[in-house]
Amino acid sequence: MDPVTIATAAVAFLSPYLLEGGKAAAKKAGESLIAALERRFKDKPVPETALKDLQADPQDPDNQAALRKELKKSLAADADFMAAVTRLLEQAETEAAAAGQQISLTGSGAIAVGNGAVAAGAGGVAVGGDVKGSITTGDHVGA
């Protein structure tokens, strides 16, 4: 997987995990991922703040985007770190499956986990309600 996909999956996993106070099915994996990010971002003000902001308000899309951006840069810069985060996400998937939930991401896309969670893949649109008319995404128009 590429850094964008891994960063997207990590933030999508962490948001509901943090919202539920660590009570999500993949508690151990969530704790491990948070610890890995804290170690990686220690003494780096921008990514460290992005992680703290997400921890303070996991549902805020701006906090999610900020962490995703910083994580994407870190993953792209360090193949070992990317491999470690990938392993932690795989562990989360295994833990969730053992608890009766299934989490998986193939290719580019998004993951939504937890009550009220919504995700839209690359170029996708998540709508909470009825749509009347067209939705424009970049250079594509759908009815």
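In region 4-31, the residues that are under 18 Å from residue 81 (Cα atoms) form Cβ pairs under 7 Å with partners that are at pLDDT 75 or above and among the basic types (Lys, Arg), at six or more places apart or across chains, as follows: 4/72; 7/68; 7/72; 8/68; 11/68.
Which count do you get for residues in region 12-28 that are surrounded by 19 or more Cβ atoms within 10 Å (Cβ to Cβ) and either modelled with pLDDT of 65 or more or over 15 Å from the mean Cα position of the chain (by Cα) (or both)? Even if it seems obvious, please write down each step before you answer.
Residues of region 12-28 surrounded by 19 or more Cβ atoms within 10 Å (Cβ to Cβ): 12-18, 24-26.
Those still in the list that are either modelled with pLDDT of 65 or more or over 15 Å from the mean Cα position of the chain (by Cα) (or both) too: 12-18, 25.
Going through region 12-28 one residue at a time, the tally reaches 8.
Residues of region 38-62 that are buried (at least 16 other Cβ atoms within 10 Å of the Cβ) and more than 11 Å from the chain's Cα centre (by Cα): 40, 41, 47, 48, 50, 51, 53. Restricting attention to region 75-94, the residues that are buried (at least 19 other Cβ atoms within 10 Å of the Cβ) and either among the polar types (S, T, N, Q) or modelled with pLDDT under 90 (or both) total 4.
Taking the numbered list (1) surrounded by 20 or more Cβ atoms within 10 Å (Cβ to Cβ); (2) within 12 Å of residue 15 (Cβ to Cβ) in turn, residue 70 passes all entries but (2).
The values are calculated or read from the model by the stated rules, or taken from the named source; none is laboratory data. Since the model is a prediction, treat every value here as computed from it, not as a measurement. Here the Cβ is made from the backbone with ideal geometry for all residues, glycine too, and neighbour counts use every protein chain on show.
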